[in-house]
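Below you'll find the structure, written out as structure tokens, and then a few comments.
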Amino acid sequence: MIRILSLCFFCLVLSVVPGCFRATGEVQFHGKVTVDGVPADMGVIEFEPVNRDTASGGGVIGKGGVYTAKVMPGEKIVRIKANKILKEYDAPDGTHIVDQESLIPEEKSWNKSELHETITTKTKELNFDLKSN
């Protein structure tokens, strides 16, 4: 009886465990964000589904304008906040301060993005060179 229960438990585990390791379907890719040819120092990039059938995805823009994103395939609205670092310093209390300014003008801001991209399973790199005017 114990052998039969052990065998049943083993079969149950084998049928459930593969589902735990199933791929999510997300596509991971990288790219570079520049404004007038100059790399962003920092910021964020978001890929929002046009038809809102999946979750948004995105990543952090680091020094040199480089980002890595993980996104479900499909047509996306691309929203970018790109900043330039003006000055970095440590405050007397030890807090690290980063003074920055937006490289993207208000009329091309986050909520007014007209950038669209189609993400596929073959997407490996997406670069964006934005214009400030």
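Every number in this text was worked out from the coordinates using simple rules, so none of it is lab data. In this text, all values refer to a predicted model and were calculated from it rather than measured experimentally. Neighbour counts are summed over all protein chains in view; Cβ atoms, including those assigned to glycine, are modelled from backbone coordinates with ideal geometry.
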*Descending Cα extents along the principal axes, region 25-130, whole Å*: 47, 28, 24
*For the cross-link pairs K63/K122; K32/K76; K32/K124; K87/K112; K63/K112, which exceed 20 Å when the distance is taken from alpha carbon to alpha carbon?*
K63/K122; K87/K112; K63/K112
_If R₀ is 35 angstrom, what is the calculated FRET efficiency for the pair E26 and D93, using the beta carbon separation as r and rounding to 0.05?_
0.30
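Per-residue counts of other Cβ atoms within 10 Å, averaged by peptide: what ranking do you get for 89-102, 69-82, highest first? Show your work: numbers first, answer last.
Working: 89-102: 9.3, 69-82: 18.8.
Peptide ranking by packing, descending: 69-82, 89-102.
Considering only DSSP beta bridges whose two residues both sit in region 25-130, what percent are antiparallel, to the nearest 5? Kindly include the intermediate steps, with their values, before the conclusion.
Numbers: 34 of 38 bridges.
Percent antiparallel among DSSP bridges in region 25-130 is about 90.
Using the number of other C-beta atoms within 10 angstrom as an exposure proxy, rank L103, L130, L86 with the fewest first. Show your work: numbers first, answer last.
Details: L103 22, L130 17, L86 10.
Exposure proxy ranking, most exposed first: L86, L130, L103.
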_Distance from region 106-133 to region 43-62 (C-alpha centre basis), Å_ = 10
_Extension gain from E101 to N51, taking 0.36 nm per residue of separation minus the Cα-Cα distance_ = 14.8 nm
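By how many nm would the segment from K131 to L86 grow when fully extended, if each residue of separation counts as 0.36 nm and the alpha-carbon distance is taken off? Write down the numbers at each step before the final one.
Working: separation 45, 0.36 × 45 = 16.20 nm, distance 1.96 nm.
That works out to 14.2 nm of additional length.
Sorting check: for 26-35, 117-126, which peptide has the highest mean count of neighbouring beta carbons within 10 Å, and how do the rest follow? Intermediate results must be reported in sequence, preceding the final value.
Numbers: 26-35: 17.8, 117-126: 13.0.
Descending packing order for the listed peptides: 26-35, 117-126.
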*Note the full-extension length gain between D36 and I77 as 0.36 nm times their separation in residues minus their Cα-Cα distance, in nm to one decimal.*
12.7 nm
